[in-house]
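Student: Dropping a structure here in structure tokens format, bear with me for questions.
We did not get these values from a lab; they are worked out from the coordinates using the rules stated. Computed from a predicted structure; not experimentally measured.
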Ligand SMILES: Nc1ncnc2c1ncn2[C@@H]1O[C@H](COP(=O)(O)OP(=O)(O)OP(=O)(O)O)[C@@H](O)[C@H]1O
Ligand SMILES: [Mg+2]
């Protein structure tokens, strides 16, 4: 049965009584008869129609005064009401077009009333512009993680960040169909091993995406994603050898686009190589984390990478995660030097924890999942990123 809420009524402007009764039979409670008989009269006497009606249906001969009234009433703007002009068959097509250009939907009046009520049903059920589309949820945040040199700890940071973000997410009990999840994308397609850190075997999904000749559909991308059982999802890198150039910018964009629409946070384990397809990833990255140790070669390498990413995306927020380094209690010349060279903040410090990180890999459970030296550091990093997102005014519950 048709249900009517305030602002969802159809206002009928005209004097075709039999058509009005038909409409009222079809949409009980939804159709209201205006006291004005012409749109131009309505425009002169009413305001705030948009607050009261979702559709203004008016009979018209496409006169200049009705066309002017459409403009005055703001027809064609985003949101309700939708203006539906009912014209007789003898109205010249040029005049009908003017109604359309002024923002009205144009339907034939008179004989074909079954067709008309069918079209109207479409408006009422939201098939056309009658109801505003629900606001799209905000796109998920993207954090790209890069190591300044092999083995610096990028994958360790990526998986632990995913764990800590998932733990820190607000629980969305009200809307179980709306994803409120974190996704880890292992874009280190050649040697990526994030799956082994969370005990997830490659399902061949990414290999299929790379092999596909056309850009995959969102369903296909999501079909390649697996649940880690640790509160977040993962797209594992191919277990077989693939060249780094097997990925294209188009595919990277497609995967990220789908990821951001379906996940609240997307963590990307990104290879260090300067490849064409890295640019679109950097382009949608909200924050890039460079994982480094405090050694001079590593900091120098960090500087080169920083310049490269800033060239790709000048406004990109980049921070340094200092791994295997204890945060100095006092001012340190080494840290000052690194800050001066890089001109960025050192976001976080992760302690050296050989036994803990080794155990994490052996168990397939990242150290942020259990008591470990770095658990609170990973949590602090995730909380800072979540807070930055909230400060940006973005509701984390997607
Ligand atoms: N803070 C730490 N304390 C002790 N071991 C660590 C720490 N961080 C990382 N490791 C260990 O160092 C090794 C390399 O780490 P990881 O795989 O995260 O580096 P990566 O930068 O991703 O390397 P790659 O360049 O190969 O992708 C792993 O065995 C990991 O457990
Ligand atoms: Mg890695």
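Student: Please work out the Cα center distance from segment 324-339 to segment 185-207, rounded to the nearest Å.
Tutor: Cα centres, segment 324-339 to segment 185-207: 34 Å.
Student: Which value in Å is the Kirkwood Rh of segment 141-391 over different Cα pairs? It would help to have the intermediate numbers written out before the result.
Tutor: Details: mean 1/r = 0.0546 Å⁻¹.
Final number for the Kirkwood radius of segment 141-391 is 18.3 Å.
Student: In units of 2.2 N^0.38 Å, what is the alpha-carbon radius of gyration of segment 178-251? Show your work: numbers first, answer last.
Tutor: On the way: Rg = 12.0 Å, N = 74, 2.2 N^0.38 = 11.3 Å.
Rounded to two decimals, the normalised Rg is 1.06.
Student: Seen from all sides and averaged, what is the projected area of the convex hull of the Cα atoms in segment 197-345, in nm²?
Tutor: Values: hull surface 41.7 nm².
Orientation-averaged projected area of the Cα hull: 10.4 nm².
Student: So what is the relative contact order of the chain, in percent, for Cα pairs below 8 Å that sit 6 or more residues apart? Provide the component values of the computation, followed by the final result.
Tutor: Details: 709 pairs, mean separation 61.9, N = 398.
Relative CO of the chain lands at 16 percent.
Student: Separate question: What angle, in degrees between 0 and 90 and rounded to the nearest 10, separates the Cα long axis of helix 354-363 from the longest principal axis of the Cα atoms of the chain?
Tutor: In the chain, helix 354-363 runs at an angle near 50 degrees to the longest axis.
Student: Decide, for segment 268-384, between rounded, prolate and oblate: order the square roots of the alpha carbon gyration tensor eigenvalues as a ≥ b ≥ c, take rounded if a/c falls under 1.5, and otherwise choose prolate if a/b is larger than b/c, else oblate.
Tutor: Working: a/c = 1.97, a/b = 1.28, b/c = 1.53.
Taking the square roots of the gyration eigenvalues as a ≥ b ≥ c, segment 268-384 is oblate.
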